[in-house]
Amino acid sequence: MGRIEKHPILGDLPERREVTIYLDGKPYPAQEGDMIAAALIANGVSTLRFTKNEHKPRSIFCGIGRCTDCVMIVDGKPNVRTCVTPVRDGMQIRTQEGTGSWEGGGAK
Amino acid sequence: MTRAELVIVGAGPAGLSAAIEAAKNGVKVLLIDENAKPGGQLFKQIHKFFGSKAHRAGVRGYVIGQQLLQETEELGIEVWLNSEVCGIEDSGHLLWVIRDGKESVQVRAEKLILSTGASENAVTFPGWNLPGVMGAGAAQTMINVHRVLPGKHIVMVGSGNVGVIVSYQLLQAGASVEAIVEAAPKIGGYGVHTAKVCRAGVPFYVGHTVKKAYGTDRVEAVDLIALDEKFRQIPGTEIHLACDTVCLATGLTPLTELAWLAGCKFDFIGALGGNIPMHNEKMQTSVPNVYIAGDIAGTEEASTAMEEGRLAGVNVACALGHCTAEHAKTRSDEIWENLNALRCGYFGQRRRDAKDLILKKGADLGI
């Protein structure tokens, strides 16, 4: 839904290095220090995962790493809490289906 | 095995204040937090705090956070971040900690202060789990910490302080707040914040709740509905509102898992958020070497959390022999005076009464 560039209390958004993250293969701009979920929401992404039994979309709920509603597959690892995990340039993120699976096979 | 005189779990306002108070008295403190940054929820609180000058009233929450971090650094307090306490054994003396998601560490602590905070409550209605429905605190984190707007048209559920403050901060961030919905017959937040959102033209719907949220990929609209005096929905009173975000500001529940693990005795105190470890006026629980401070001891505000942290800090310092009982008593009296000042008046008396009940129950348990 966009960045808050100007703020009456916090001032202008500080300049940060731009990085690229990939959601299901598609590139999105993000800023160094962003949490994954915040960067995706800034880009207008509304669904972070789908539930296991009913395939319903989910996004952030608590935003501080407690509820696990925002989990996604990040660099091959499932169930990563994206609201408290920072982005990395070139990061590969996948919309998680159900409980997710390890990409590349087997637990690491 | 790591050894520490005092381990504090949770580096929010209570934990930082406890660490500072204890370290000032000469205690060697290890402060542990699961997050990448200390400060807890202080850094999303961009409004000015209440209370008297002694409570740093008029200072914005994130500035208080910066001051606490600076003091923590100046005192040389050891802080472990990205570190989760997963187990507690031996009556609170032995902690199992996972550092950076990789390393499993045991920590032996003479004293333990738990200041783990609270988490947001949800209210449920059809569609409450659609993307775009979130805790008010989640929206506050997004706008004030991450500087990202989670939506443009907001419906806020709950008109307590969190509801009205976050509504105002969403306006400051550039969103439009379409409604503040309150099930009770009157608004619950402090007048100053309520007045600000009123002046901005935000409509309040008291005696209403959300009946249903609509949407496919995310929330697109809600139906509000009026409630009777027994909080039953009154059919035919639905109000349809378009929105892209619903924020739930419907209270907080203390995060007490570690206190359960430590074997602390609990009781249910509804006015302070649910099951709470009973404690005495030193913030000591039924497990003698385990103390608590902040929202885990009953959900209140950051200002009371900081005072309780100091209270636990000085009393642990005394129990460890770093300061005299006279000093601890004088300091505790000062802090209690501040706490009583924060727990008075129209909004505070209920919390004061609930705290008095905890102390009484604590005494009954022999704490």
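Between residue B:192 and residue B:242, 0.36 nm times their residue separation minus their Cα-Cα distance comes to what? Show your work: numbers first, answer last.
On the way: separation 50, 0.36 × 50 = 18.00 nm, distance 2.79 nm.
So the extension gain works out to 15.2 nm.
What list of ³J(HN,Hα) values in whole Hz, one per residue of the range B:84-96 in order, does the Karplus curve 6.51 cos²θ - 1.76 cosθ + 1.60 (θ = phi - 60°) give from phi, with Gly and Pro shown as x?
Each residue of the range B:84-96 in turn: 9, 7, 9, x, 9, 10, 6, 6, x, 8, 10, 10, 9 Hz.
Of B:2, B:344, B:319, which is farthest towards the positive pole of chain B's charge dipole, taken about the Cα centre with +1 and -1 on the beta-carbons of Lys, Arg and Asp, Glu respectively?
In chain B, that residue is B:344.
For the protein assembly as shown, build the charge dipole from Cβ charges (+1 Lys, Arg; -1 Asp, Glu) around the Cα centre, then report which of B:35, B:253, B:197 sits farthest towards its positive end.
Sorting the options by dipole projection puts first B:197.
Of the residues B:299, B:256, B:141, which exhibits the maximal mean-square fluctuation in a Gaussian network model of chain B defined by a 10 Å Cα contact cut-off?
Among B:299, B:256, B:141, the largest mean-square fluctuation in the Gaussian network model of chain B belongs to B:141.
In degrees, nearest 10, range 0 to 90: what is the angle between the Cα axis of helix B:161-172 and the longest Cα principal axis of chain B?
70
Quick query: amide H of residue B:212 versus all other amide H atoms, modeled in the peptide plane; which residues come in under 5 Å with a sequence gap of 5 or more or a different chain?
Answer set, sorted by chain and number: B:223.
Give me the Debye-computed log₁₀ of I(q)/I(0) at q = 0.17, 0.21 Å⁻¹ for the range B:122-248, equal point scatterers on Cα only, no solvent, two decimals.
Reported log10 I(q)/I(0), two decimals: -0.80, -1.22.
Go ahead and run the numbers for FRET between residue B:103 and residue A:32, Cβ-Cβ distance against an R0 of 25 Å, rounding to 0.05.
Once rounded, the FRET efficiency stands at 0.45.
Hey, which lysines would be in cross-link range of residue B:230, C-alpha to C-alpha under 19 Å, not counting anything within fewer than 8 residues on its own chain?
Cα-Cα hits under 19 Å: B:186, B:211.
Just name one of B:268, B:95, B:214: the one whose Cα is farthest towards the positive end of the charge dipole of chain B (beta-carbon charges, Lys/Arg +1, Asp/Glu -1).
My answer, from the dipole projection, is B:214.
Please compare each pair in A:26/A:56; B:282/B:329; B:24/B:111; A:6/B:44 to a cut-off of 18 Å on the Cα-Cα distance and tell me which ones are over it.
A:26/A:56
Placing unit charges on C-beta atoms (Lys and Arg positive, Asp and Glu negative, everything else neutral), compute the dipole magnitude of chain B about its Cα centre in debye, rounded to 20.
I would put it at about 680 debye.
Sticking with the crude label model, points 7 Å out along Cα→Cβ, report the distance from residue B:37 to residue B:66 in nm, one decimal please.
Roughly 1.2 nm, to one decimal.
log10 I(q)/I(0), Debye, Cα-only the range B:238-367, no solvent, q = 0.19, 0.22 Å⁻¹?
Once normalised to I(0) and log-transformed, intensities are -1.07, -1.38.
Roughly what would the spin-label model give for residue B:94 and residue B:327, points 7 Å off Cα along C-beta, in nm?
According to this spin-label approximation, the distance is 3.3 nm.
Mind checking the range A:10-83 for GluC sites (Glu not before Pro) that DSSP puts in a loop (not H, G, I, E or B) and that have at most 16 other Cβ atoms within 10 Å?
Those satisfying the criteria are A:15, A:32, A:54.
So how tilted is helix B:325-342 from the main axis of chain B? Cα-based, degrees 0 to 90, rounded to 10.
Rounded to the nearest ten degrees, it is 10.
Which value, in debye to the nearest 20, gives the size of the charge dipole of the protein assembly as shown about its Cα centre, when Lys and Arg are +1 and Asp and Glu are -1 at the Cβ?
Working: 50 positive and 52 negative charges, 101 e Å.
So the magnitude is around 480 debye.
Readers should treat all values here as calculations from the given coordinates under stated rules, not as data from a laboratory. Here the structure is a predicted model, which means the values were calculated and not measured. Note that each Cβ is placed from the backbone with ideal geometry, even for glycine, and that neighbours are counted across all protein chains shown.
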